[in-house]
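Please read the structure below before turning to the comments.
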């Protein structure tokens, strides 16, 4: 028997239909008869199917015929519709996301039948994307509002404080003790207003200033509540190795830690345990602040970082938004977890190259 002529050997489907394998999208061919050809692994993943590559399969076998997905694809194939940047909700086996579709007319090189090549890019869940966009817009609006309020308060505050200092000196010189006591109370309240203005400015323009190397344990200890500053029924535990360092604006990190710790203490009105721990994992440092309070209801989880949102009678809702801004200024992130009882906030920060 002689050798088989090379021209008599049928070409392999993968040699005829050869999409660019580096393309991060599902590649399919659908002919006018409604048969679907999976051309790469991403296409089978998108449809969550074990159907073979390069073999025509009825579209009705791949997705339910009563769904919007089937209607759109079948209509595109039957009418040879060329779609450009067409976004469609995509639900297969209970998983919901959105896909970006582009199509172009061609002929199936294996069968000669006309149809469409389809490129389908999974772009995730639009609900999640929309929430992120809304949150970013809300942060921008809040920052502008905070800056405006801070500047409007700061100017008259400076004048009032200056005159109050003069009055205090005169009361003291004239030994007007009652008036001096009132003036000192007013000065203390002025201090609270100044701190509020500082926090509003931090919320509006959070830029990490002079960065320096600090020991994380020292930063934590510097903002822990004293015994007099917390209820006796609250115990504080610190589990931070003394050899972990961070290169950051230490004052901003202190401010963020102070807000998280204060939140934890205030969440445990009836007492409980507050734990602060830290660990370095690869090129990131994580600082955890845990409390054993009642936790955060699931329906409030997406609001806790909104400015001026608070569930406390005396709170103004700036602490957690400021923490988020501090993390943003340091290219880090803040995470929250609350399941059942207790809440954990995690500050995740990149470790400077020199400290890795």
Kindly evaluate residue 253 against the criterion of being in contact with a helix residue (DSSP H, G or I) (Cβ under 9 Å, 6 or more places away or on another chain), crowded, with 21+ Cβ neighbours inside 10 Å and more than 27 Å from residue 144 (Cβ to Cβ).
no
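Quick check, is residue 183 under 29 Å from residue 318 (Cα atoms), part of a helix (DSSP H, G or I), at pLDDT 85 or above and in contact with a helix residue (DSSP H, G or I) (Cβ under 6 Å, 6 or more places away or on another chain)? Break it down stepwise before answering.
Values: under 29 Å from residue 318 (Cα atoms): yes; part of a helix (DSSP H, G or I): yes; at pLDDT 85 or above: yes; in contact with a helix residue (DSSP H, G or I) (Cβ under 6 Å, 6 or more places away or on another chain): yes.
Spelling it out, residue 183 is indeed under 29 Å from residue 318 (Cα atoms), part of a helix (DSSP H, G or I), at pLDDT 85 or above and in contact with a helix residue (DSSP H, G or I) (Cβ under 6 Å, 6 or more places away or on another chain).
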Within the stretch 108-125, can one find any residue that is part of a helix (DSSP H, G or I) and at pLDDT below 75?
no
For the stretch 61-77, what are the residues that are surrounded by 13 or more Cβ atoms within 10 Å (Cβ to Cβ) and out of contact with any strand residue (DSSP E or B) (no Cβ under 9 Å at 6 or more places or on another chain)?
70
Condition check for residue 307: in contact with a helix residue (DSSP H, G or I) (Cβ under 7 Å, 6 or more places away or on another chain) and either outside the structural domain of residue 197 (by TED's automatic domain parsing) or surrounded by 15 or more Cβ atoms within 10 Å (Cβ to Cβ) (or both)
yes
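In this structure, does residue 312 turn out to be over 27 Å from residue 144 (Cβ atoms) and at pLDDT below 85? Steps first, please.
On the way: over 27 Å from residue 144 (Cβ atoms): no; at pLDDT below 85: yes.
No, not satisfied.
Yes/no matrix, rows are residues, columns are (1) within 21 Å of the chain's Cα centre (by Cα); (2) loosely packed, with under 13 Cβ neighbours inside 10 Å; (3) in contact (Cβ under 8 Å) with a residue 60 or more places away in the chain; (4) assigned to a loop (DSSP other than H, G, I, E, B):
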| residue | (1), (2), (3), (4) |
| --- | --- |
| 236 | no, no, no, no |
| 241 | no, yes, no, yes |
| 265 | no, no, no, no |
| 276 | no, no, no, no |
| 280 | yes, no, yes, no |
| 327 | yes, no, yes, no |
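For the stretch 90-103, state whether one or more residues are surrounded by fewer than 19 Cβ atoms within 10 Å (Cβ to Cβ), in a strand (DSSP E or B), at pLDDT 85 or above and within 40 Å of the chain's Cα centre (by Cα).
So the first thing to find is which residues in the stretch 90-103 are surrounded by fewer than 19 Cβ atoms within 10 Å (Cβ to Cβ), and the list is 91-98, 100, 102.
In the following step, the residues that additionally are in a strand (DSSP E or B) were identified as 91-92, 95-98, 100, 102.
Right, trim to at pLDDT 85 or above and you get 100, 102.
The next check asks that each one be within 40 Å of the chain's Cα centre (by Cα); those that pass are 100, 102.
Checked the stretch 90-103: at least one residue is surrounded by fewer than 19 Cβ atoms within 10 Å (Cβ to Cβ), in a strand (DSSP E or B), at pLDDT 85 or above and within 40 Å of the chain's Cα centre (by Cα).
Going residue by residue through the stretch 131-146, is there one that turns out to be closer than 24 Å to residue 35 by Cβ, at pLDDT below 85 and not in a strand (DSSP E or B)?
Kept after step one, since they are closer than 24 Å to residue 35 by Cβ, are these residues of the stretch 131-146: none.
No, the stretch 131-146 has no match at all.
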Checklist (1) exposed (fewer than 10 other Cβ atoms within 10 Å of the Cβ); (2) modelled with pLDDT of 90 or more applied to residue 210, failing item:
(2)
Out of (1) over 30 Å from residue 252 (Cβ atoms); (2) in contact (Cβ under 8 Å) with a residue 12 or more places away in the chain, the one residue 197 does not meet is (1)
Being part of a loop (DSSP other than H, G, I, E, B) and at pLDDT 75 or above narrows 231, 175 down to just 175
In the stretch 282-298, which residues are in contact with a helix residue (DSSP H, G or I) (Cβ under 9 Å, 6 or more places away or on another chain) and either touching a residue at least 60 places away in the same chain (Cβ under 8 Å) or assigned to a strand (DSSP E or B) (or both)?
283, 285, 287, 289, 290, 291
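The values are calculated or read from the model by the stated rules, or taken from the named source; none is laboratory data. Just so we're clear, the structure is a prediction, and the values are computed from it rather than from any experiment. Cβ coordinates were reconstructed from backbone atoms using ideal geometry, including for glycine residues, and neighbour counts include every protein chain displayed.
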